[in-house]
Amino acid sequence: MIFYECDGKKIEHFVTKNRLLSQRGFTALCLDLRIKHNKLGKGEKDMLILYDELYGNFEAEGVLLELIQSDPVQRLKGIYQGGASRFVNEKWNTTRYDHSVGAMMLVHRLGGSLEEQIAALLHDVSHTAFSHVIDYVLEQKEENYHEMIYEQIVTQSSIPHILTSAGLNWRDILLDESQWTLLEQSAPHLCADR
């Protein structure tokens, strides 16, 4: 693990996540988030350059950079996409952070607005420790517990302040996913969240 300084905060960099994983015929990307920090100088902006093998470079600056560095998004590094399945096979180690940053990068690549990129980055911030395992524990057949608590989790976090400080209405962006057609579509249609 390598740490980079960015805007006074330490950002983790996992150097081993640069491969494609095959899981039962499904190929899932593990993001290689190579982080390059652009040092602030005269006329320069503070940014992170994220690199992904499929999506290429992505420059995160401004509100996206602040959101990536925020505690709610950083917390997703400890929540695995497949919940407890990573204890069965250590190669199933894609995190909700990897997935959320990847969804944001894909929405960007497909021409989505800043607001839709924000929605993509933050769509999973309410996931609990073992992801969808909680749905079975609470007998949530719809597997939507994280969606049920989403507004509460967001409201109690730093996210509203970050978005409001950037002149954005967090409720308009985050509480109506139906407007973000690149991020969310009903199955069997493809979207950035699949």
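Structure data summary
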{"read-out": "Filtered residues of the range 150-194 (kept if open to solvent by 30 Å² or more (accessible area, probe 1.4 Å), at pLDDT 90 or above, in a helix (DSSP H, G or I) and under 16 Å from ALA103 (Cβ atoms))", "value": "GLN179"}
{"read-out": "Given (1) open to solvent by less than 40 Å² (accessible area, probe 1.4 Å); (2) out of contact with any helix residue (DSSP H, G or I) (no Cβ under 7 Å at 6 or more places or on another chain); (3) over 17 Å from ILE49 (Cα atoms), number of the condition ARG75 does not satisfy", "value": "(1)"}
{"read-out": "Condition met for GLN117 (buried (at least 16 other Cβ atoms within 10 Å of the Cβ), among the polar types (S, T, N, Q) and at pLDDT 95 or above)", "value": "yes"}
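The values are calculated or read from the model by the stated rules, or taken from the named source; none is laboratory data. All values reported here derive from a predicted model rather than from experimental measurement. Heads up, the Cβs are rebuilt from the backbone with ideal geometry, glycines too, and the neighbour counts pull from every protein chain shown. Note: areas computed on protein heavy atoms with side chains; ligands, DNA, RNA excluded. Shrake-Rupley method; radii C 1.70, N 1.55, O 1.52, S 1.80 Å.
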